[in-house]
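A short worksheet on the structure shown next.
The values are calculated or read from the model by the stated rules, or taken from the named source; none is laboratory data. This structure is a prediction, so every number in the text was calculated from the model and none was measured. With ideal geometry, Cβ positions are generated from the backbone for all residues, glycine too; neighbour counts draw on all protein chains shown. Heads up: the accessible areas ignore ligands, DNA and RNA and are worked out on the full protein's heavy atoms, side chains in. Shrake-Rupley method; radii C 1.70, N 1.55, O 1.52, S 1.80 Å.
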Amino acid sequence: MKLFAPRLSISIKRGLYFVVAVLCVATRTLAATTPVHLEVHIGDAVNSKPPVASFRIVYCDSDGDTQLDTIALPKGQTTLDASLFRILATKKDQTEEVGITAVRISGINPKTGYASEVDLTPKATLKTDFTYRVEVGEAALPLAPGFSHDAKKDALEVNAKELSSELDYLHMRTLQNKVSFKEGEHLGAGSLLYTYRFYQPSAGDTRMRFVEATVKADVDFVSKDKSYFNSIVGQLSALELQTWKVSRSFQGAYYIGFDGSIESDKDFETIDGTGGVVFKAHVKNPITTFLHDKILDVTSTQGDTAGHLLDAGIAPLFTLGYDYLGHIKHSSDTNSGHQRAKGGFTWDLPVARNFRLPLFDSTFDADVLIDLEAIYDTDMRVFRDNSKITFDTHQRKAKEDGFAFTLSYEHGKATPTFKNVDAVLAGIKAAF
Amino acid sequence: MSELDRQVARQIVCDAFNHFTDIDLEPTAEGESVVIQKTLQGLDIKFLIAIHDQIVSAVKEAGCDSSLGVSGFATARYKTVKSVVNDLIASTNCP
């Protein structure tokens, strides 16, 4: 027994060393693995005419701040089988699957060969009254070494606001010249709609131009009293946008736009019309740039990072406009006429960035929002102001459900009631 | 995308943003760290489209295509010039 005892002791020791070594390697491997999760965003399908929204699937780091090149697919592969993915559209508890016309891999890092995103082009046009969710097949997007998939953090439902913005954008730049007829209550009756849309993107010295005109007529071709039109509504909006630059510190962008509508009854006896022109310009200038930089440098400098580099504040926005409201009924309490000239100034001054508050784990931002508007009623010959100054504190990285505190001073007469306001208002927003 | 130089991409993004911001974004390591999420979220969608158009047209002038959607860089995430450049590069294909 004595002879075996030392051998057994050595074997146990070796075994323990082996287990410890394995645990060390495993721990090191786990520690070196970066957890990533999948997110879905909305993008544009490249080269599609008319432009369509596509779903972009990406791997992000744990904060969701950075999109990573982590999709490891065979070299040269630029497409994937559509059956690996599903797009589900839901409206009022009813879910249907949306077909996929193409799956495209992009953002391939030339050094590593790993891709950063996969775009799914849907067969159907996306709509804002649906919610969309993407399902990704297991092992559809293999990860590069050094990364692990944290599926619990996957965010595969499309953000509604993001979808809405993208669809607004797509709508705006989709050319259209078409007539459509929607049938009404009986045969021969319905709505006739004509749409003209023109979009010219800015490129080089070319200005961005956008024109949209619609005419909608409710018609009844089998009307007994031979009044074939019930009503006609015409709308026109147009804008031209351009950037301008005097010097590096004095530059900006502006647009001039027009919005108008006209509506008539079937006898063309009552015609209502509204029309307005608007000029909006961002004016980057040395004064607001100085204030932006100095205030943030004092309140928010952290270590080597200057405060003003924590946020690129928006240059002040100046607005001028004129509105005409024809044949619009107005009661005496509104005391307003048909023509108004408007001028406005809007500026979001960042006051502090990335600061901490007691009881909260996350950091906060604070802003002063200055929104001044003066309106001159040319019929009534009176000036009105409609102004608001707001101090706003909110969580820095939170999305719409984050905590926020606002304190605002409002003064003037705001539409639609035109009742005088002169008040300090406070509000808290919290998710629960 | 790969042939599109990162420095050129930074220049494109900074030029586009400099028309709308209170600071001067430099296409340098320091400039690229500036957070621009609030700029994007606070802009009228028409101006947002202008930034997007400028970026995409500059990419196209370089002979490439970009699938960077206007909302792809406008919402949801904590954006720096660096991350917009990364998104731009990730969404760009050059022949």
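Among the listed residues A:L141, A:L163, identify the single one that is open to solvent by less than 30 Å² (accessible area, probe 1.4 Å), within 15 Å of A:A45 (Cβ to Cβ) and outside any strand (DSSP E or B).
Answer to the selection: A:L163.
Condition check ((1) in contact with a His (Cβ under 7 Å, 6 or more places away or on another chain); (2) free of Cβ contacts under 8 Å to residues at least 40 places away in the same chain; (3) not in a loop (DSSP other than H, G, I, E, B)) across all residues:
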residue	(1), (2), (3)
A:R56	yes, no, yes
A:S62	no, no, no
A:K75	no, yes, no
A:S83	no, no, yes
A:T90	no, no, yes
A:E97	no, yes, yes
A:V103	no, yes, yes
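Here are the criteria: (1) surrounded by fewer than 21 Cβ atoms within 10 Å (Cβ to Cβ); (2) more than 7 Å from chain A (Cβ to nearest Cβ). Tell me which single one B:A16 does not satisfy.
B:A16 satisfies all of (1) surrounded by fewer than 21 Cβ atoms within 10 Å (Cβ to Cβ); (2) more than 7 Å from chain A (Cβ to nearest Cβ) except (1).
Whether any residue in the range A:391-405 is at pLDDT 70 or above, aliphatic (A, V, I, L, M) and either surrounded by fewer than 16 Cβ atoms within 10 Å (Cβ to Cβ) or outside any strand (DSSP E or B) (or both) is what I want to check.
no
Any residue that is under 27 Å from A:K49 (Cα atoms), buried (at least 18 other Cβ atoms within 10 Å of the Cβ) and within 14 Å of chain B (Cβ to nearest Cβ) - is there at least one of those in the range A:125-137?
yes
Please work out which one of (1) closer than 24 Å to A:A238 by Cα; (2) among the hydroxyl-bearing types (S, T, Y); (3) at pLDDT 85 or above is the condition B:T21 fails and give its number.
(1)
Determine which single condition A:K127 fails, assuming it passes every other condition in (1) within 23 Å of B:S83 (Cα to Cα); (2) within 21 Å of the chain's Cα centre (by Cα); (3) assigned to a loop (DSSP other than H, G, I, E, B).
Against the list (1) within 23 Å of B:S83 (Cα to Cα); (2) within 21 Å of the chain's Cα centre (by Cα); (3) assigned to a loop (DSSP other than H, G, I, E, B), A:K127 comes up short only on (1).
Name the residue that is farthest from A:K245 (Cα to Cα), counting only residues in the range A:288-324 that are more than 8 Å from chain B (Cβ to nearest Cβ) and without any contact (Cβ under 8 Å) to a residue 24 or more places away in the chain.
The qualifying residue farthest from A:K245 (Cα to Cα) is A:G303.
Tell me, which residue of the range A:91-124 that is polar (S, T, N, Q) and in contact with an Asp or Glu (Cβ under 8 Å, 6 or more places away or on another chain) is surrounded by the fewest Cβ atoms within 10 Å (Cβ to Cβ)?
A:T112
In the range A:262-278, what residues are away from chain B (no Cβ under 11 Å) and surrounded by 15 or more Cβ atoms within 10 Å (Cβ to Cβ)?
Correct list: A:I262, A:E263, A:S264, A:K266, A:D272, A:G273, A:T274, A:G275, A:G276, A:V277.
Take the range A:223-257 and flag every residue that is at the interface with chain B (Cβ under 7 Å from one of its Cβ atoms) and open to solvent by 40 Å² or more (accessible area, probe 1.4 Å).
Hit for the range A:223-257 is A:R248, nothing else.
If you check A:G343 against the conditions, is it at pLDDT 80 or above and crowded, with 19+ Cβ neighbours inside 10 Å?
For A:G343, the condition - at pLDDT 80 or above and crowded, with 19+ Cβ neighbours inside 10 Å - is not met.
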